[in-house]
Amino acid sequence: MRRVAIIGVGCSKFGELWDMGFRDIVISAGIEALEDAGLEGREIEAVYAGNMSAGRYIGQEHIASLIADYSGLAELHVPCVRVEAGDASGGVALRQAYMAVASGMHDVVIAAGAEKVTDVPNAMEILSSSADVEWEVFNGANLPALYAMIARMHMKRFGTKEEDLAMVSVKNHKNATLNPKAMFRREISLETALNSPYVAEPLKLFDCAPICDGASVVILASEEVARRYTDTPIYIKACTQASDYMALHSRRDVTTMDAVVFASREAYRIAKIEPKDVDFAEVHDSFTIAEIIAYEDLGFAKKGEGAKLIREGVTALDGDLPVNTSGGLKAFGHAVGATGIRQAVEIALQLRGDAGKRQVDGEIGLSLNIGGTGATAVVTIFSR
Amino acid sequence: MLPKFWRKIRSRYNLIGSHCENCGSYFYPPRNICPKCRRKGKVREVQFSGYGKVLSWSVVHDGVENFWLSKPYIVALIELDEGAKIVAPLDCNPDEVREGMRVKAVFRKFGEDGEDGIIYYGTKFVPV
Amino acid sequence: MVGIVSYGTYIPKYRIKVEEIARIWGENADVLKKGLGVEQKSVPSWDEDTATIAVECAREALRRAKIDPKRIGAVFVGSESHPYAVKPTGTIVAEALGIGNDYFCADLEFACKAGTTAMQICYAMVKAGLIDYGIAIGADTSQSRPGDPLEYTAGAGGACFIVGRDCIAEIEGTFSFASDTPDFWRREGKPYPSHGGRFTGQPAYFRHIVEATKGLLDKLGLRPSDFDYAVFHQPNGKFPIRVAQILGFTKDQIKQGLVVPYIGNTYSGSSMIGLASVLDVAKPGERILLTSFGSGAGSDAFSFVVTDRIEGIERNPKVLEKIKECEYVDYGLYVKLRRKIRFG
Ligand SMILES: [Zn+2]
């Protein structure tokens, strides 16, 4: 297996992009990535596009080819693959692209993620189909309700408080104020978060990430090729993926995402590092409880002690282990299938020193992208 | 949606799940393959008693469309007496739900495919 | 010996008081309560309908009977509020009971007497040797036009009787009386029934119940005093008391089966829930009269003799206990639960 590097990144604005269609959003991220990498376009050998539900969100399938077409690649006839794994689609697309380069099959590939959700009124219903539609959602348990049951059990078992969840939201909103592309660029107070209405008790409005439009692109190249294009290649040291039972009720333990535990242990092994070696991370805070559980399942904290990290400021921008420097899904926005790639963009920017006002120090960054309530987990470890 | 719902009516109405005679595990909804034993498993159909206890729950304020008339409604993670777990609606006062509360299955309406469409029925739970 | 093998009832937990409905329509609640003999009525929840009520009462009956569901050979559901105009409630019930696929089945409609007619059909089929056990259900979530006098009484509930040979109450005889009397009706596609006001009384309710009951007594050579209990259809609290008087039954005979003051008129469930309440306390050897009434119009009269087996069957919780377990709703919630507002 060859070393694989990120040589260019691009990201659209995240939010309610009323004047941009699916194609516009993708292209805005794609062009930025090509410019960032200094590519003409002809160098691209394959496209892997993470997208959860274009069929339902915009009524269009076959979107990998559509993306390539509108990216000006039609006459180059490069193979394009859509990758779907719920809201882990982006992460899995990154992994597919990574494998394509690592294996020696391709030298330069695009890993993209895109979702246009605001053309339909039922964005959450569609996102909830990343849970078990027949045996969870039909029974009244959409994604917020499922994460709420996880949260309640975590609170009961480990003493995690609604305040802890609110602090995650406050932190991520604060980070997003420093990110020009974030959906929500305003600070919120703990009171605002705590006083927001319940969506699914104990989760409140400010515990839930907004589902939004957005696209992200990273361009991967083999180590050898990467050197031709950039002085600051960002290496993917490991990119692992794990699955678990689809439905929450089938899992071994509701308060642990075994897929995250499994994928991260494997990633640490491959990267030859330990959790303590991670300098900063982007984790899947689709709901604030998910960030706290991620601290635990990624090995940053002992099981049940995730809330300590937020309470003690460890994961704040100026803490020892900044998490979601971008603003996270909560404040940057959760463009479903784009999120996994968007996390990679943030980590690459941070490792390159291009993260502007939210720049943190670090050699090693980690991203965690989750599908549904944890049936898919992708962990990627990056380094300079 | 109609054939998809119809296909599983037995399991929805009567909590019919699976039991693996090789390892003793119970599953709901039914599975064709035991995830513990895989090819060594002996999976048989089983009807659950309908009794269980609440492990976790949520009072849902912004929920699925078919439940909009009952907002806020409760969904619960329930452990059936046989051991399988299920996520199902729980019909009771939000203030009376407790962890470990005993519940039993009842037959209720889940919703409908609009005014002209079919009506969905299934199993909900109420306190014992 | 063919008769009732087991029985079960279901009454939704919500109630609305006559006062609350009267408050909305500017009526005098005291006058209404006195006139109707009804204090409150049962209201189905948003997720309850005739099918769910039928299933719940049938499951109770089956649980108490301790018989293999596969031995049920027929399912007949009587109601005037079947969830579907076309598509049987009976198959929903049979599926939820797990009785298999070889069973006789149909939905019946004869206003408030469809459930007792279901019982007659099961009785005949068991007697003919066609089936071992038959399920007869009367269940309704009866409709009423907002502001109509019916609104004070139109309740929801149901009862199920399993008919077979090893019975707890033998059907000694049954007799029906019917005529084309349009006292109460609902036209196809209309949400609420209409009625002939006071015409529902003498030419309809009283004539049919009296004639059916007399016919049965003549046939069996019995007198009112031969019965320990009598149950008549209960559209309100007044009619059954008056018809009992006319026929020569005492207040004591009808008291145990008179449930309408607390749950309203449960239509197809009405007299059957009354019968269930009597069976809750009946002793071996006691004789029970049941006469239903369905508008349009007809009455089914039955004479039951309780057998020793009744001591061996679970009879708790009793109907009167179920009636007491309730939660009150206001008119606004009632309108929402009963979908009396158009959503679009
Ligand atoms: Zn097994």
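The values are calculated or read from the model by the stated rules, or taken from the named source; none is laboratory data. Please read these numbers as outputs of a predicted model, since none were measured by experiment. Neighbour counts run over all protein chains shown; Cβ positions are idealised from the backbone, glycine included.
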Looking at C:4, C:24, C:16 in this structure, which one is more than 30 Å from residue C:309 (Cβ to Cβ), of a type in the set (A, V, I, L, M) and assigned to a strand (DSSP E or B)? C:16
Per the list (1) under 17 Å from the mean Cα position of the chain (by Cα); (2) within 16 Å of the ligand (Cβ to nearest atom); (3) of a type outside the set (S, T, N, Q); (4) within 11 Å of chain A (Cβ to nearest Cβ), residue check on residue B:111 breaks on (2)
Count, please, the residues in segment C:92-134 that happen to be closer than 10 Å to residue C:75 by Cβ, of a type in the set (Gly, Ala, Ser) and away from chain B (no Cβ under 14 Å). 3
If you scan segment A:31-68, which residues turn out to be assigned to a helix (DSSP H, G or I), buried (at least 22 other Cβ atoms within 10 Å of the Cβ) and touching a Gly at 6+ places or on another chain (Cβ under 6 Å)? A:33, A:36, A:37
Quick check on my filter: what residues within segment B:30-65 are within 16 Å of the ligand (Cβ to nearest atom) and either among the charged types (D, E, K, R) or under 12 Å from the mean Cα position of the chain (by Cα) (or both)? B:30, B:31, B:36, B:38, B:39, B:40, B:42, B:44, B:45
Restricting attention to segment B:90-99, does a residue exist that is closer than 24 Å to residue B:25 by Cα, free of Cβ contacts under 8 Å to residues at least 60 places away in the same chain and of a type in the set (A, V, I, L, M)? no
Between a residue in segment C:61-72 that is assigned to a loop (DSSP other than H, G, I, E, B) and any residue that is hydroxyl-bearing (Ser, Thr, Tyr), which pairs come within a Cβ distance under 8 Å, given they are 6 or more apart or on different chains? C:67/C:6; C:67/C:133
Kindly indicate whether any position in segment B:53-61 is more than 12 Å from chain A (Cβ to nearest Cβ), within 25 Å of residue C:13 (Cβ to Cβ) and touching a helix residue (DSSP H, G or I) at 6+ places or on another chain (Cβ under 9 Å). no
Any chance you could count how many residues in segment A:136-179 are among the acidic types (Asp, Glu) and within 14 Å of chain B (Cβ to nearest Cβ)? 2
Selection status of residue B:15, closer than 28 Å to residue A:125 by Cβ, more than 9 Å from every other protein chain (Cβ to nearest Cβ), surrounded by 15 or more Cβ atoms within 10 Å (Cβ to Cβ) and aliphatic (A, V, I, L, M): yes
Just checking, which of A:272, A:276 is on the phi > 0 side of the Ramachandran plot and assigned by TED's automatic domain parsing to the domain that holds residue A:349? A:272
Here the residues within segment B:2-12 that are more than 10 Å from every other protein chain (Cβ to nearest Cβ) and touching a residue at least 40 places away in the same chain (Cβ under 8 Å) are B:2
Qualifying strands (runs of 3 or more DSSP E) (wholly inside segment C:214-320; at least 3 residues being closer than 30 Å to residue C:194 by Cβ and assigned by TED's automatic domain parsing to the domain that holds residue C:150): none
When the residues of segment B:11-29 are narrowed to those that are part of a helix (DSSP H, G or I) and in contact with a helix residue (DSSP H, G or I) (Cβ under 7 Å, 6 or more places away or on another chain), which ends up nearest to the ligand (Cβ to nearest atom)? B:14
Could you check segment B:74-128 for strands (runs of 3 or more DSSP E) lying wholly inside it with 3 or more residues that are in contact with a Gly (Cβ under 8 Å, 6 or more places away or on another chain) and more than 13 Å from residue B:56 (Cβ to Cβ)? B:102-112, B:119-127
Which pairs do you get when a residue that is at the interface with another protein chain (Cβ under 8 Å from one of its Cβ atoms) and closer than 15 Å to residue A:138 by Cβ, found in segment B:66-79, comes within reach of a residue that is assigned to a helix (DSSP H, G or I) and not acidic (Asp, Glu), reach meaning Cβ atoms under 7 angstrom, with the pair 6+ apart or on two chains? B:73/B:67; B:75/A:145
Could you say which residue among B:34, B:23 is farther than 20 Å from residue A:138 by Cβ, away from every other protein chain (no Cβ under 11 Å) and surrounded by 19 or more Cβ atoms within 10 Å (Cβ to Cβ)? B:34
Hey, among A:357, A:330, which residue is in contact (Cβ under 8 Å) with a residue 60 or more places away in the chain, among the charged types (D, E, K, R) and in contact with a His (Cβ under 8 Å, 6 or more places away or on another chain)? A:330
Residue, surrounded by the fewest Cβ atoms within 10 Å (Cβ to Cβ), within segment A:153-183, restricted to residues that are among the hydrophobic types (A, V, I, L, M, F, W, C) and over 25 Å from residue B:60 (Cα atoms): A:178
Only listed residue being assigned to a loop (DSSP other than H, G, I, E, B), without any contact (Cβ under 8 Å) to a residue 40 or more places away in the chain and crowded, with 23+ Cβ neighbours inside 10 Å, chosen from C:47, C:102: C:47
Give me the residue from segment A:6-30 that is under 22 Å from residue A:121 (Cβ atoms) and in contact with a Cys (Cβ under 6 Å, 6 or more places away or on another chain) and, out of that set, surrounded by the fewest Cβ atoms within 10 Å (Cβ to Cβ). A:15
Would you check if residue B:28 is in contact (Cβ under 8 Å) with a residue 40 or more places away in the chain, within 11 Å of chain A (Cβ to nearest Cβ), over 16 Å from residue C:95 (Cβ atoms) and hydroxyl-bearing (Ser, Thr, Tyr)? yes
